[in-house]
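Below is one structure, written out as structure tokens; comments come after it.
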Amino acid sequence: MADNARARKLADRIQVVVAQTLERRIKDPRLGFVTITDARVTGDLREATVFYTVYGDDEERAASAAALESAKGVLRSEVGRQTGVRYTPSLAFVPDALPDTARTIDDLLDRARLRDEEVRQVSTGAAYAAGADPYRKPADEDEDGAAEDTSAEQGRGSGTE
């Protein structure tokens, strides 16, 4: 079992090697504008998952996925040659969901901004339901407190007689 630091270093190296090999050696016309976003290696260093994004529509994504699958052997050989590990990890290519998630979050934030603007427009010129300041003032507490103190003094005076 390898330690996590070694697995992270190997994953970083695999990410760089795969990206460079795709750029320089793989000449598949199906391969579109692919970006290697991340790589992860299991603790035993036997399997590597490479995350990628493709700029384009669904057809270009499918074509790039097929090109990556067909180039998997060449990429694994290059990873083994450049990393120098005893056992070259098998590669699995997974489309990265991060751009789709980011797009969803951006849409939700835009929708929230629009609703905030609607609330701001509705609230302009509106009056408070309970008046401008619905809270008790310190002067109100003194009057109530003085009334309570007076009744307490009257009760003490009548009990001692």
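The values are calculated or read from the model by the stated rules, or taken from the named source; none is laboratory data. The structure displayed is predicted, hence computed values, not measured ones. Note: ideal-geometry Cβ built from the backbone for every residue, glycine included; neighbour counts use all protein chains shown. In case anyone asks, the SASA skips ligands and DNA or RNA and just uses the protein heavy atoms, side chains included. Shrake-Rupley method; radii C 1.70, N 1.55, O 1.52, S 1.80 Å.
Among all positions in segment 128-147, there is no residue which is open to solvent by 70 Å² or more (accessible area, probe 1.4 Å) and in contact (Cβ under 8 Å) with a residue 12 or more places away in the chain. Within the span defined as segment 148-158, every residue fails to be at pLDDT 85 or above, assigned to a helix (DSSP H, G or I) and among the aliphatic types (A, V, I, L, M).
Against the definition (touching a residue at least 12 places away in the same chain (Cβ under 8 Å), out of contact with any Cys (no Cβ under 7 Å at 6 or more places or on another chain) and assigned to a loop (DSSP other than H, G, I, E, B)), how does ASP44 come out, yes or no? I'd like the intermediate steps shown before the answer.
Working: touching a residue at least 12 places away in the same chain (Cβ under 8 Å): yes; out of contact with any Cys (no Cβ under 7 Å at 6 or more places or on another chain): yes; assigned to a loop (DSSP other than H, G, I, E, B): yes.
Taking the combined requirement at face value, the residue satisfies it.
Checking each residue in segment 1-28 for being in contact with a helix residue (DSSP H, G or I) (Cβ under 7 Å, 6 or more places away or on another chain) and acidic (Asp, Glu) picks out only ASP28.
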